[in-house]
1. Quick check: anything in segment 191-214 out of contact with any strand residue (DSSP E or B) (no Cβ under 9 Å at 6 or more places or on another chain) and over 21 Å from residue 146 (Cα atoms)?
2. Quick one: in segment 229-260, which of the residues that are free of Cβ contacts under 8 Å to residues at least 24 places away in the same chain and outside any helix (DSSP H, G or I) is surrounded by the most Cβ atoms within 10 Å (Cβ to Cβ)?
3. Going by the structure shown, is residue 194 under 17 Å from the mean Cα position of the chain (by Cα), in contact (Cβ under 8 Å) with a residue 12 or more places away in the chain and either part of a loop (DSSP other than H, G, I, E, B) or closer than 30 Å to residue 76 by Cα (or both)?
4. When the residues of segment 84-121 are narrowed to those that are surrounded by fewer than 17 Cβ atoms within 10 Å (Cβ to Cβ) and part of a strand (DSSP E or B), which ends up modelled with the highest pLDDT?
5. So if I check each of 188, 174, 145, 160, which one is exposed (fewer than 15 other Cβ atoms within 10 Å of the Cβ) and in contact with a helix residue (DSSP H, G or I) (Cβ under 7 Å, 6 or more places away or on another chain)?
6. Restricting to segment 203-220, name every residue that is crowded, with 17+ Cβ neighbours inside 10 Å and over 23 Å from residue 277 (Cβ atoms).
7. Residue 44 versus (1) at pLDDT below 95; (2) farther than 16 Å from residue 207 by Cβ: which is the lone unmet condition?
8. Does residue 144 satisfy the condition of being at pLDDT 95 or above and under 30 Å from residue 293 (Cα atoms)?
């Protein structure tokens, strides 16, 4: 464990730099509710539930839905720097409780936001490595010799089986894309610092979809530094009907996996129908950024008190 005072000073300094960064750009800090009335449908996330005043509440996995509701109410550019919670996440770079920096910029697309993310990272971490940019398709072609945008389930499965024994009967492209990412791309990015952008549409999450190089893509990005995912950003979906369809697709996936459906957040859908401004948004792991910038070897060293010490 690092020296306590030095660690606390690093954390406080990073918070100060973040707030100065956004103050200079006219982006307003807001505090999102920590406990909400709805869990998230995302199959990759598990919300933590509890009871208060005889009501079910869920600790936020991110402030995204709350911030989008504020955007639809006319907030303008906003950010949140606060605590979020995710069940079943603990390890060297994971904690069930951690600090997320999330912000939204009106009139930006995902490329504009990548520029701003890079500027923020360099403000907190002046000696950060140079950040390259690769499309998702480019990485799959380079390291796996397969097209992530157009390959069939059978082609993706066959390529995965060439790399390791894969006794899975999954029929979703998203499953095989994620598996190939884990076994084929992540190891290749261990020594890289890069943005990965324009994902397959099956991995759109809350991003809008468009055409790029004769194929449909999800306009989103991830920032990976030395194998650590630092940020996940989107050119945001503003279509309420499409968002409702994605909630339904999430729940079908969850039910097929035996995990049960989640009631979608109707207030987010209402906000989208009211009119979410054209914008791009990103969530960045603040504790991970502090740890990487300080040369720490685990996220626990970037907390005042880690999960195991709480």
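The values are calculated or read from the model by the stated rules, or taken from the named source; none is laboratory data. Quick caveat, the model's predicted, so the values are computed rather than measured. Cβ sites come from the backbone with ideal geometry, for glycine too, and all protein chains shown count toward neighbours.
1. yes
2. Top of the filtered list is 260.
3. yes
4. 106
5. Exactly one of 188, 174, 145, 160 is exposed (fewer than 15 other Cβ atoms within 10 Å of the Cβ) and in contact with a helix residue (DSSP H, G or I) (Cβ under 7 Å, 6 or more places away or on another chain), namely 188.
6. 203
7. If we test residue 44 against (1) at pLDDT below 95; (2) farther than 16 Å from residue 207 by Cβ, just (2) comes out false.
8. Criteria not met by residue 144.
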